[in-house]
Amino acid sequence: MALTIGVDVGGTKIAAGVVDESGEILAKTRVPTPADPQWAVDAIAQGVRELKEQFPDVAAVGVGAPGFVNRDRSTVLMAPNIAWENEPLKQRVEELTGLETVVENDANCAAWAEFRFGAAAEYEDMVLITVGTGIGGGIVLDGRLHRGRFGVAGEIGHLNMVPDGLECGCGGHGCWEQYGSGRALRRYGRERAAADPIAGKRMLELNDGVAETIRGIHITEAAEEGDPLALSCYAELADWLGRGMADLAALFDPAVFVLGGGVSDSGNLLLDPVAASFEKYLTGGPARPRAHVVLASMGSASGIAGAADLARI
């Protein structure tokens with residue numbers, strides 16, 4: 001099974017690609033995600049058929065879907081951004097394409113890509129943490145993707161970090177992603193610039209003087225210039241990320257944490273303080289072995305490459 005197709009389904013786009021056994025994407029297609037959830041299935045199938053015409057020998061399809069996927073990798077139990085509920089995605093894609101199909105959570109696909117081809121390729125135990133609008137993740141233990149009894153393990157962004165804390169989109173309060181995500185970084189920047197416009201001068205300059213709409217790109221640019229207030233926003237973000245990673249280390253004892261997602265594009269600006277925070281909160285003192293903390297290397301290719309490779313298993 002040399003060639004398979006990976007599909008990365010997002011809230012705004014559906015990207016698909018033909019992937020070889022080394023993780024290289026040989027051809028890609030991309031379309032906007034239709035508003036109608038049933039049309040989204042048709043869009044997935046159309047992309048697969050287009051790629052199959054170019055590569056007739058593709059053997060299977062892997063679909064990375066946002067939301068909960070059941071244990072046998074056939075049904076999307078819930079995907080709020082696409083309004084799927086108990087969607088028999090495996091069956092429908094197979095009927096429309098004639099190719100055997102595997103469905104997996106999109107963050108799990110990204111984790112598998114980093115494990116197989118990317119930053120964690122030298123390890124058997126890893127945790128991917130995607131820091132974007134929220135926090136996503138995937139866990140590989142002893143070389144196997146950890147999915148749990150019902151297939152929905154790895155929803156690490158919804159670990160409860162602050163009892164009765166900030167309200168989360170999941171309906172809970174105090175979830176990790178409310179404190180350690182790109183959304184949280186924006187909130188830190190906006191609140192601090194509004195509270196102290198003098199200290200927040202540089203971030204305000206980058207956003208035409210408006211504190212209420214400061215974005216992550218403004219905070220990052222100011223931090224890269226050495227702006228103290230912007231750096232304090234990154235420090236708080238890193239503190240929360242390191243705290244959560246220490247909890248995950250207590251549970252899973254991985255060899256490496258891989259930081260991905262849009263916020264990780266800031267590189268060492270995030271990596272160094274997160275690693276220091278992780279060291280600070282990790283229990284066990286100097287006698288305990290430390291997991292490595294590295295940046296993801298697969299980028300936007302991870303969803304496609306991971307989904308395609310999981311279709312081979």
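The values are calculated or read from the model by the stated rules, or taken from the named source; none is laboratory data. Just so you know, these numbers come straight off a predicted model, no measurement behind them. For the accessible areas, the whole protein counts, side chains as well, though only heavy atoms, and no ligand, DNA or RNA atoms are used. Shrake-Rupley method; radii C 1.70, N 1.55, O 1.52, S 1.80 Å.
Brief remarks on what is shown
- Kirkwood-type radius of the range 147-192, with distances r between different C-alpha atoms, in Å: 11.4
- When 77, 3 are compared by accessible area of protein heavy atoms, the largest-first order is 77, 3, using a 1.4 Å probe.
- Percent of Cα pairs exceeding the 15 Å cut-off, where the set is the range 1-101: 57
- Length, then width, then depth: along the principal axes, the Cα atoms of the range 154-313 run 52, 39, 34 Å.
- Solvent-accessible area of the chain (1.4 angstrom probe, protein heavy atoms only): carbon and sulfur portion equals 51 percent.
- Placing 173, 218 in order of accessible area, with the largest value first and a 1.4 Å probe, yields 173, 218.
- Whole-Hz couplings from phi, Karplus 6.51/-1.76/1.60, listed for the range 275-282; x for Gly and Pro: 4, 5, 5, 4, 4, 5, 8, 5
- HN-Hα J in Hz across the range 204-217 - Karplus 6.51, -1.76, 1.60, θ = phi - 60°, x for Gly and Pro: 5, 4, 6, 10, 6, x, 9, 6, 5, 10, 4, 10, x, 4
- Taking all protein chains as shown and a probe of 1.4 angstrom, residue 221 keeps an accessible surface of around 70 Å².
- For the chain, built as a Gaussian network whose Cα springs stay under 10 Å, the top-fluctuating residue of 265, 106, 196: 196
- Listed residues 229, 237, 166, most fluctuating in the chain (Gaussian network, C-alpha, under 10 Å): 166
- Among 253, 164, 20: highest mean-square fluctuation, GNM of the chain, C-alpha pairs under 10 Å: 164
- Under 5 Å between amide hydrogens, built in the peptide plane, is the criterion, and for residue 8 it picks out 15, 16, 64 among residues at least 5 positions away or on other chains.
- For the chain, adding -39500 (n - 2.57) for each run of n ≥ 4 DSSP H residues and dividing by the number of residues yields -11500 deg cm²/dmol at 222 nm.
- Probing with 1.4 Å while keeping every protein chain in the model, the per residue accessible area of the chain equals 44 Å².
- Considering only Cα atoms, the convex hull volume of the range 219-276 works out to 74 Å³ per residue.
- Sequence-ordered 3J(HN,Hα) estimates for the range 118-125 from the Karplus curve with 6.51, -1.76 and 1.60 and θ = phi - 60° stand at x, 5, 10, 5, 8, 10, 9, 10 Hz, glycine and proline given as x.
- Of [x] 34, 23, 23; [y] 35, 22, 18; [z] 41, 34, 19, the label for semi-axes √(5λ) of the Cα gyration tensor in Å derived from the coordinates: [y]
- Computed as a quarter of the hull surface, the mean projected area of the alpha carbon convex hull for the range 91-191 stands at 9.1 nm².
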